[in-house]
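See below for the structure under consideration.
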Amino acid sequence: MKQQGAITETPEPILSVIYRISALLTDPSPIDKVLDSIMESVTEGLGFHRAALYLIKEEKHLLECKCISGFTPETEDLARSRPYDLRRHNTLETRVALTGNAILVKDVYADPVLNDMDRLITRRLGRGCILYVPLKVKGTVIGILGVDKKRSEPVINEKEFETLSIFANYASIIIENSRLYEALLNEKKFSEDVLNSSISGLLTADVHGRITSLNPAAQNILGIEKANVLNRFIRDVFASIPEMDAMLQKTLMHRENMKGCECLLKKDTKKNIILSVSSSPIIEDAGNLIGVLFLIQDITSERERDDYLQRVNRLISLGELAAGVAHEIRNPLTGIGVVLDILKSRKRLLKTDKNLIEEATHEIERLEKLISDLLDFARPKEFNFEPADINEIVRSITFLIGEQCNNQGVRLVTR
């Protein structure tokens, strides 16, 4: 067994291989493509015909095989489907991952570093010698890179050991760079998905007032196309909404949120749209102001609903007033009707007088119907009770209905 030591000289064959994979640093690629390129460099560039690359999945304490080459399809499928558990498995692979030290086994039969599980795996794979080197970034192991040779092949020599160690250092940086790039892309995609899914309009501008982005909701609300407004000044795009440029300047000056400014937008359809616009400063981690975020909402329907409710409330108030007036009119009409009935019952009444009384009675009936119709559409009036003289009320009612009772043969008695 040999532990990884300091490398003082770079072997010549490694230079072209490192140069080729270094291109991945300036042109970030998906992690799968990066790993495939690394494996290709190991097998074709460095000349190891059998190799495997494992990465640590920290949240589950697993060492997963991401790439493997030179073995039978069954062996490769098995390696990919069965990760090592760093807490339970004790193998060459897990020991390199946990200690961060390379392991070179030149004689798989005599080297005491191999345990029973290692020997079992070695026999199945027909390995003659084995080399595993850690993949490290800033002292932290992120995975391992392993190669081996069959028993019929020459053992791995010192030069190959150093070459693979140097290559692993560069490969680690490239893998971590790809991971960070992929995480950044995922975060960016998540942010874009959130913005695109928002039902509120979102628009951003830089410190110079140029539009830098807007989501689909903003395009729909404002009736504009993204391609036509990007990098244009807000004051030019929204010349008909001067409030937006004013909010931009105040937000940039005071670095404070501005909420709920109502603006009127006239679209090509000649329909006025009422907007609620809020603005917030965009400040990066270092504290520098880099732009302004606008939250834009179409509140036209809300304002129309508010206007409708106000009209309804006015109609309700009018109905209540009409109901009150109707009640006040009905009472004297009833009294007039009773008086007309009394006059009509008199025997010495001229025919012309009877006709006048009948006409007046007919008009009272019309008024009664109008009052009833009005009360049907009005709200029920709340009763307002107050003290009263019950005897006076009875005498008043008796006077009004007494004649009607006599005409119908009803005897009305009061006590």
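The values are calculated or read from the model by the stated rules, or taken from the named source; none is laboratory data. Quick caveat, the model's predicted, so the values are computed rather than measured. Note that we place each Cβ from the backbone using ideal geometry, even for glycine, and neighbour counts take in every protein chain shown.
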- Query: Within region 217-236, can you find the residues that are touching a residue at least 40 places away in the same chain (Cβ under 8 Å) and in contact with an Asp or Glu (Cβ under 6 Å, 6 or more places away or on another chain)?
  - Reply: Ile221
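Scan Arg127, Arg80, Arg88 and give me the residue that is farther than 21 Å from Leu35 by Cα and touching a strand residue (DSSP E or B) at 6+ places or on another chain (Cβ under 6 Å). I'd like the intermediate steps shown before the answer.
Details: Arg80 fails: farther than 21 Å from Leu35 by Cα; Arg88 fails: touching a strand residue (DSSP E or B) at 6+ places or on another chain (Cβ under 6 Å).
Of Arg127, Arg80, Arg88, the one residue that is farther than 21 Å from Leu35 by Cα and touching a strand residue (DSSP E or B) at 6+ places or on another chain (Cβ under 6 Å) is Arg127.
What about Arg411, is it surrounded by fewer than 12 Cβ atoms within 10 Å (Cβ to Cβ), assigned to a loop (DSSP other than H, G, I, E, B) and free of Cβ contacts under 8 Å to residues at least 12 places away in the same chain?
Here the answer is yes, as Arg411 does meet what is asked.
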- Of the residues Leu349, Leu318, Leu265, Leu356, which single one is modelled with pLDDT under 90 and either of a type in the set (S, T, N, Q) or part of a loop (DSSP other than H, G, I, E, B) (or both)? Leu349
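Just to be sure I understand, how many residues within region 115-156 are assigned to a helix (DSSP H, G or I) and either surrounded by fewer than 20 Cβ atoms within 10 Å (Cβ to Cβ) or among the hydroxyl-bearing types (Ser, Thr, Tyr) (or both)? Working first, answer last.
Initial filter on region 115-156 (assigned to a helix (DSSP H, G or I)): 116-125.
With either surrounded by fewer than 20 Cβ atoms within 10 Å (Cβ to Cβ) or among the hydroxyl-bearing types (Ser, Thr, Tyr) (or both) added as a condition, the list becomes 116-117, 119-125.
Number satisfying all stated conditions: 9.
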- Message: For region 250-279, give me each residue that is surrounded by fewer than 18 Cβ atoms within 10 Å (Cβ to Cβ), of a type outside the set (D, E, K, R) and more than 26 Å from the chain's Cα centre (by Cα).
- Response: Met253, His254, Leu264, Thr269, Asn272
- Cβ-Cβ below 6 Å, separation at least six or inter-chain, first residue in region 169-186 and under 14 Å from Val141 (Cα atoms) and in the same structural domain as Lys138 (by TED's automatic domain parsing), second of a type in the set (D, E, K, R) and crowded, with 16+ Cβ neighbours inside 10 Å: which pairs? Ser172/Lys136
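Kindly establish whether Ile283 is surrounded by fewer than 13 Cβ atoms within 10 Å (Cβ to Cβ) and touching a strand residue (DSSP E or B) at 6+ places or on another chain (Cβ under 8 Å). Break it down stepwise before answering.
Working: surrounded by fewer than 13 Cβ atoms within 10 Å (Cβ to Cβ): yes; touching a strand residue (DSSP E or B) at 6+ places or on another chain (Cβ under 8 Å): yes.
Taking the combined requirement at face value, the residue satisfies it.
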